[in-house]
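Student: Please see the structure below; I have some questions.
The values are calculated or read from the model by the stated rules, or taken from the named source; none is laboratory data. Note that the structure is a prediction, hence the values are computed from the model and not measured. Note that each Cβ is placed from the backbone with ideal geometry, even for glycine, and that neighbours are counted across all protein chains shown.
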């Protein structure tokens, strides 16, 4: 499963680069968790969560980004911003569904916000 996650992250990374985003960091880790991709969209820092699901049995990839997961991403992003400087940011999600041979990719910009 870990290899599929890495594959999905690479697929998302390549896709976002083709959309004009610039890579900043991959797999940023701190004591509270990890963010898959950090990229720049113009001057906006984008924290990207990548989710892969082979099938929709448990609601697919979007269902896996519940409020608890969002809070964890927000906590890690806050840690990153405190360490590297506060700037305008947003939270995107890249959903990868289906089989490896024919994946369906869905990029949701500004998928959730800090409340």
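Student: Which one of the conditions (1) in contact with a strand residue (DSSP E or B) (Cβ under 7 Å, 6 or more places away or on another chain); (2) assigned to a strand (DSSP E or B) does residue 29 fail to meet, given that it meets all the rest?
Tutor: (1)
Student: With the requirement that a residue be under 15 Å from residue 15 (Cβ atoms), surrounded by 15 or more Cβ atoms within 10 Å (Cβ to Cβ), out of contact with any helix residue (DSSP H, G or I) (no Cβ under 7 Å at 6 or more places or on another chain) and at pLDDT below 90, what does region 67-110 give you?
Tutor: 98
Student: If a residue must be touching a residue at least 12 places away in the same chain (Cβ under 8 Å) and assigned to a strand (DSSP E or B), how many such residues does region 71-115 contain?
Tutor: The qualifying residues number 17.
Student: Can you pull out every residue in region 1-33 that is under 12 Å from the mean Cα position of the chain (by Cα) and more than 24 Å from residue 100 (Cα to Cα)?
Tutor: Across region 1-33, the qualifying residues are 25, 28.
Student: Ok, one more. Against the definition (surrounded by 12 or more Cβ atoms within 10 Å (Cβ to Cβ), at pLDDT 85 or above and not in a helix (DSSP H, G or I)), how does residue 50 come out, yes or no?
Tutor: The answer is yes for residue 50.
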